[in-house]
There are 2 protein chains.
Amino acid sequence: MSLTLKPHFNNLHHHHHANKNIILNNKYNTNTTCFSTKVGQRNIYSTNPLVITTTRKVESRIMQGGEKIIIKSSLIEPDGGALVDLVVGEGERGAKRVEAESLPKVKLTRIDLEWVHVIGEGWAGPLRGFMREDEYLQSLHFNSLRLNDGSVVNMSLPIVLAIDDETKGRIGASSNVGLVGPDGDFVAILRSIEIYKHNKEERIARTWGTTTPGLPYVEEVITPAGNWLIGGDLEVIKPIKYNDGLDNYRLSPKQLREEFDRRQADAVFAFQLRNPVHNGHALLMNDTRKRLLEMGYKNPILLLHPLGGFTKADDVPLDVRMEQHSKVLEDGVLDPETTIVAIFPSPMHYAGPTEVQWHAKARINAGANFYIVGRDPAGMGHPTEKRDLYDPDHGKKVLSMAPGLEKLNILPFRVAAYDTTENKMAFFDPTRSKDFLFISGTKMRAYARSGENPPDGFMCPSGWKVLVKYYESLQVEEKAQQPAVLST
Amino acid sequence: MSLTLKPHFNNLHHHHHANKNIILNNKYNTNTTCFSTKVGQRNIYSTNPLVITTTRKVESRIMQGGEKIIIKSSLIEPDGGALVDLVVGEGERGAKRVEAESLPKVKLTRIDLEWVHVIGEGWAGPLRGFMREDEYLQSLHFNSLRLNDGSVVNMSLPIVLAIDDETKGRIGASSNVGLVGPDGDFVAILRSIEIYKHNKEERIARTWGTTTPGLPYVEEVITPAGNWLIGGDLEVIKPIKYNDGLDNYRLSPKQLREEFDRRQADAVFAFQLRNPVHNGHALLMNDTRKRLLEMGYKNPILLLHPLGGFTKADDVPLDVRMEQHSKVLEDGVLDPETTIVAIFPSPMHYAGPTEVQWHAKARINAGANFYIVGRDPAGMGHPTEKRDLYDPDHGKKVLSMAPGLEKLNILPFRVAAYDTTENKMAFFDPTRSKDFLFISGTKMRAYARSGENPPDGFMCPSGWKVLVKYYESLQVEEKAQQPAVLST
């Protein structure tokens with residue numbers, strides 16, 4: 001199978017690499033040469049969502065500014081009525097870059113860049129840039145934004161850019177700034193900026209519902225950040241690429257909507273995940289499809305949508321997860337014909353009920369009209385106490401009541417566990433609870449780490465092998481890092 | 001002037017007391033004998049809001065459950081469309097009390113009882129009891145509740161009742177409980193209860209935007225509370241009275257609406273306060289009235305609405321404030337003909353932008369259609385850092401964007417300061433900022449404490465005397481409490 005790669009789909013080298021070896025260090029690789037050629041390429045997925053042949057455009061009319069305009073829309077209207085796309089056309093990029101060079105510069109971290117990606121492609125629409133204070137306060141207090149027409153969209157996470165005193169001083173009275181990626185390249189211009197205080201304590205408390213030390217996003221992003229936030233309108237002058245072999249799975253909301261249309265989906269159900277897919281997940285996804293068919297839908301499509309941005313150190317890295325997912329599809333545990341695998345570029349906050357709203361809202365913009373919510377979504381253990389950070393039921397409850405998400409169909413996750421009488425993952429039956437074995441993420445990692453096999457039927461064998469290989473390589477690395485003195 | 005007192009307006013004795021002496025210890029006095037008679041009474045206020053002669057009912061039609069029903073409504077619809085009144089009729093009280101005695105008992109603290117008062121009279125409507133988990137989560141995450149008809153009302157503070165493990169155990173599977181006041185009397189029944197976890201850390205973080213030690217409401221109410229919350233529908237079987245001489249200023253939303261109608265108000269502007277009124281406040285209130293007249297209103301009425309529930313130790317106690325306010329009216333600094341003074345029974349959270357929404361929302365239910373918001377509303381100093389706990393501008397901003405408050409007219413506070421060129425309080429003019437003297441609450445207290453007079457024109461002299469007398473008595477008390485050994 002051959003695939004026309006655009007200049008920025010330059011992932012041949014890393015792509016193969018990702019499939020042959022497990023990349024342990026999932027850092028940005030910015031020195032990769034770009035390929036701009038027609039190449040043969042091995043698909044990791046039986047179904048390659050990038051092979052877009054024809055695009056059946058489904059049009060709907062919406063009112064905007066009193067005038068009827070036509071926008072592309074499939075099964076669900078994007079928040080704010082129109083998809084946001086802030087990437088400037090190729091013809092303009094040169095001039096914008098020259099302009100950016102003339103402006104005060106703001107240096108982005110790796111995670112800031114992920115947010116430029118997220119905002120620029122319209123996942124956070126109608127947001128058109130990093131939040132100004134009005135948006136920030138609404139997000140923090142109401143988890144939603146009220147638009148000029150009085151309608152409300154969900155916006156549960158503050159999407160903000162922090163700067164330090166020195167940068168604020170350099171910006172002075174300028175109304176626009178140039179955003180510089182970690183590799184030194186100009187990636188965007190932020191226009192009509194507004195600078196306001198970054199009260200970290202308040203931001204953390206209202207977003208996480210705790211200020212306990214040890215929250216991964218806080219330690220990685222907020223604690224080291226400056227004491228000011230800078231909001232404004234974003235113009236992306238260089239599409240964000242990671243050159244990790246996976247860029248062609250980073251489909252924008254626009255590309256996903258086109259793909260759903262191409263497949264003539266009449267329902268799209270999104271499954272957000274940051275973990276390997278076991279047969280319990282697969283059971284749930286297949287069961288959801290069955291239920292949608294029973295409801296009368298003819299062609300429900302699953303968007304299997306692993307999160308691709310920042311994750312905490314002990315989560316399985318994206319490339320390993322992607323390879324594991326590919327095995328699940330190759331093994332037919334999930335049906336390649338009715339599944340699209342793509343990467344959601346957002347970083348992870350681990351902010352439980354607050355974050356799950358963001359995960360759902362972004363999928364509205366990507367065209368999914370059904371969202372599967374699990375137990376304790378975006379949750380983790382409390383960093384300092386022996387309990388879950390969030391009540392495992394709160395995510396589902398908060399999501400079902402969240403402002404701006406009324407148009408999305410929320411599908412609560414049915415609990416699956418290992419049924420020891422049938423030796424397979426099955427929906428938990430409380431009347432015979434002793435027959436069921438719960439295999440937590442921690443338990444699963446312990447199996448993989450020790451090389452022990454989980455019970456038959458927990459995960460497809462080829463997917464399991466990917467994990468075992470990853471944990472073996474971790475142990476090799478750990479051993480290599482042990483000081484010699486310890487082994488004498 | 002004579003006034004018909006209902007049995008529960010039994011404040012003759014304490015009322016006089018409050019005017020002759022400053023009550024230092026503003027504790028509940030539950031042993032007072034009740035008077036049920038026609039008595040002559042000295043008014044502390046030139047305008048006594050309780051003298052209700054005729055009630056002009058302003059009716060409006062709303063849709064409820066598909067049927068047109070007529071409810072009483074003055075200038076602004078109560079949240080949810082109808083005023084909530086959960087106090088059972090006198091004829092039913094005996095039977096309800098007998099029922100309450102047969103139920104598992106939940107003992108209320110002084111502040112729980114303030115909330116029973118608040119909920120029972122409909123300040124928190126459409127809330128009809130202590131929050132169940134769905135309401136609690138919406139309040140915590142969205143500062144609002146979505147009603148069955150899809151409309152949204154503001155609800156920024158969790159209004160909850162905590163119980164401990166022992167009480168939870170005693171309740172068992174009962175669906176109703178009896179609520180017992182601090183004096184041992186049954187005050188209410190809570191029906192169709194739901195018990196859920198009280199995650200104090202999360203509640204505090206999301207309500208205050210900080211978990212710093214030293215938040216007054218947290219230390220007084222939440223830290224000592226149990227690890228469970230109990231929600232349900234409230235039936236108040238004994239109207240809440242404080243017997244502190246001020247109960248006849250505790251007008252319910254219904255009484256206030258009736259009074260506004262009686263006065264034929266065509267606009268009501270509410271001023272929430274927990275501090276003495278100085279001439280800067282008065283300037284603002286008088287200026288607001290002038291602006292409303294200019295806007296075409298013929299009879300704008302000021303609701304001067306001091307908060308009467310829990311306040312922190314260094315705030316001026318309610319009875320002293322009430323006497324100070326009475327002097328301001330007697331001196332004509334505020335016009336008694338167009339002012340109603342009443343007590344807002346809510347306890348204070350000091351939760352800044354979150355709490356100011358509650359303060360505004362409750363006044364909608366009381367019939368005010370204009371709300372004056374000041375600098376740093378419901379704010380205080382950070383307990384452990386040398387700064388305001390909240391950005392002083394956030395309260396006003398958050399209030400103006402808050403869900404469910406769209407129908408309320410928000411009037412931002414213009415900053416007043418002491419104009420040294422004119423020796424009076426005047427609106428601050430930044431072009432001649434050096435002429436202005438800012439007299440903070442701390443500064444004001446320091447003046448009163450030292451017996452020093454503030455600049456002429458800062459506060460009416462008779463009002464100032466009330467404060468000086470209070471601080472003098474405090475010092476006498478402090479001296480009396482010093483151990484003798486220190487004075488040797």
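The values are calculated or read from the model by the stated rules, or taken from the named source; none is laboratory data. Because the structure is predicted, anything quoted here is derived from the model rather than measured. Please note: Cβ atoms are built from the backbone with ideal geometry, for glycine as well, and neighbour counts cover all protein chains shown. SASA here: full protein model, heavy atoms, side chains in, ligands and nucleic acids out. Shrake-Rupley method; radii C 1.70, N 1.55, O 1.52, S 1.80 Å.
Quick notes on this one:
- Selection count, region A:101-127, where residues are open to solvent by 10 Å² or more (accessible area, probe 1.4 Å) and over 20 Å from A:T311 (Cα atoms): 8
- In region A:212-236, the residues that are at positive phi form Cβ pairs under 6 Å with partners that are assigned to a loop (DSSP other than H, G, I, E, B) and open to solvent by 10 Å² or more (accessible area, probe 1.4 Å), at six or more places apart or across chains, as follows: A:G214/A:P383.
- Odd one out for B:S174 among (1) touching a residue at least 12 places away in the same chain (Cβ under 8 Å); (2) within 14 Å of chain A (Cβ to nearest Cβ); (3) open to solvent by 10 Å² or more (accessible area, probe 1.4 Å); (4) in a loop (DSSP other than H, G, I, E, B): (2)
- Applying the condition of being open to solvent by 30 Å² or more (accessible area, probe 1.4 Å) and either modelled with pLDDT under 95 or part of a loop (DSSP other than H, G, I, E, B) (or both) to region B:190-213 and asking which residue is farthest from the other protein chains (Cβ to nearest Cβ) yields B:P213.
- Among the strands (runs of 3 or more DSSP E) confined to region B:27-130, the ones with at least 2 residues that are in contact with a Gly (Cβ under 8 Å, 6 or more places away or on another chain) and modelled with pLDDT of 95 or more are located at B:105-107.
- Number of residues in region A:336-351 that are in contact with a helix residue (DSSP H, G or I) (Cβ under 8 Å, 6 or more places away or on another chain) and either hydroxyl-bearing (S, T, Y) or farther than 24 Å from A:I111 by Cα (or both) equals 6.
- Only a single item in (1) within 12 Å of the chain's Cα centre (by Cα); (2) of a type in the set (A, V, I, L, M, F, W, C); (3) over 27 Å from B:S144 (Cβ atoms) is not met by B:M295, and it is number (1).
- Going through (1) surrounded by fewer than 21 Cβ atoms within 10 Å (Cβ to Cβ); (2) assigned to a loop (DSSP other than H, G, I, E, B) one by one, B:E337 falls short only on (2).
- Note on region A:279-332: residues that are at pLDDT below 95, open to solvent by 10 Å² or more (accessible area, probe 1.4 Å) and aliphatic (A, V, I, L, M) total 3.
- Failed item, numbered, when A:L179 is tested on (1) within 14 Å of chain B (Cβ to nearest Cβ); (2) open to solvent by less than 40 Å² (accessible area, probe 1.4 Å); (3) of a type outside the set (D, E, K, R): (1)
- Annotation: of all residues in region B:128-152 being over 13 Å from A:M401 (Cβ atoms) and surrounded by fewer than 23 Cβ atoms within 10 Å (Cβ to Cβ), the one that is farthest from the other protein chains (Cβ to nearest Cβ) is B:R128.
- Residue check for A:S473: more than 26 Å from the chain's Cα centre (by Cα) and surrounded by fewer than 19 Cβ atoms within 10 Å (Cβ to Cβ): no
- Filter result for A:E194 (more than 21 Å from the chain's Cα centre (by Cα) and touching a residue at least 24 places away in the same chain (Cβ under 8 Å)): yes
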